[in-house]
Structures are given as C-alpha cells and as structure tokens.
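So the structure is just underneath, and the comments pick up after that.
The values are calculated or read from the model by the stated rules, or taken from the named source; none is laboratory data. Computed from a predicted model, the values in this text were never measured in an experiment. As a convention, Cβ positions derive from the backbone with ideal geometry for all residues, glycine included, and neighbour counts pool all protein chains shown.
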Amino acid sequence: MNADRSSISSSRHTRRPQNRARAARLTPAEALLLVLVILAIVLAAVLALRDPVRPQATHNVTIRVESSDTLWQIADRHTAPGCDIPATVELIKRVNGLSSSALAAGQTLVVPSTEEGADLARR
C-alpha cells in the first residue's frame, strides 16, 4: 500500500511543462476598445464612400462638342481634382436640358466649371 501512496503522491506533484509563448489575452476593457476602434474605421470608410465631393460651379464655360468628345470626358476636363465626375456629368445634363449622355459634333454646351477644373482644361 505504501507503494500505491508514493505513486499517487508523485503523480500529484508532477509539473506540467510551462508554455512560455502564451497567447496574449485581452481584458474586457481592451476588447471593447478594439471593437470600438474597428467600428469607427468601418464607419469612416462607409461615410467616405457615400458622400463624394460635389463640384461647386464658380462660372460657366460654353464649349463646342468635338466629334470624339463624350460627356464624361467633358466633365472630367471641367471638374476640380478630388471632385465627383459623375455629379458633374449630371450637372451638365441638367443645365443643358439633356435627357441622355448622347452628344453631337458641333453641339454647344454650357458647362458649369470650377476654377481648378477650368485651369486644368486650358492646359
């Protein structure tokens, strides 16, 4: 019986090898902070995609459409860097009473233009 006790007592005191590379564990406060930071980043990205910079017209430019021009190209030439080209396309259509993006060579368009976009178009 003594032999049985010695085997039991020695098995109780057997040390497990310690894992020195333990996984980092977050406290509840740290986990909450991490979730809030991730949510803030996602929210900022969603808002940035939803609200493009709208062009602010500072003056109008009258142009004659060339045979190779498209409404998108014209809007691109007259939109300030960082502004929304599709919004400029819609603005040109509205100002000129266009129901589609179809253009004809020789057609005259009034293009609401920003100062920066007009400067780029002159280059």
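Can you name the residue in the stretch 102-111 that is surrounded by 14 or more Cβ atoms within 10 Å (Cβ to Cβ) and assigned to a loop (DSSP other than H, G, I, E, B) and, of all such residues, is farthest from the chain's Cα centre (by Cα)?
Gln107
Condition check: within 27 Å of Leu49 (Cα to Cα), assigned to a loop (DSSP other than H, G, I, E, B) and either more than 26 Å from the chain's Cα centre (by Cα) or among the small types (Gly, Ala, Ser) (or both). Does Ser68 satisfy that?
It is false that Ser68 is within 27 Å of Leu49 (Cα to Cα), assigned to a loop (DSSP other than H, G, I, E, B) and either more than 26 Å from the chain's Cα centre (by Cα) or among the small types (Gly, Ala, Ser) (or both).
Of Thr62, Thr79, which residue is at pLDDT 75 or above, exposed (fewer than 13 other Cβ atoms within 10 Å of the Cβ) and outside any helix (DSSP H, G or I)?
Thr62
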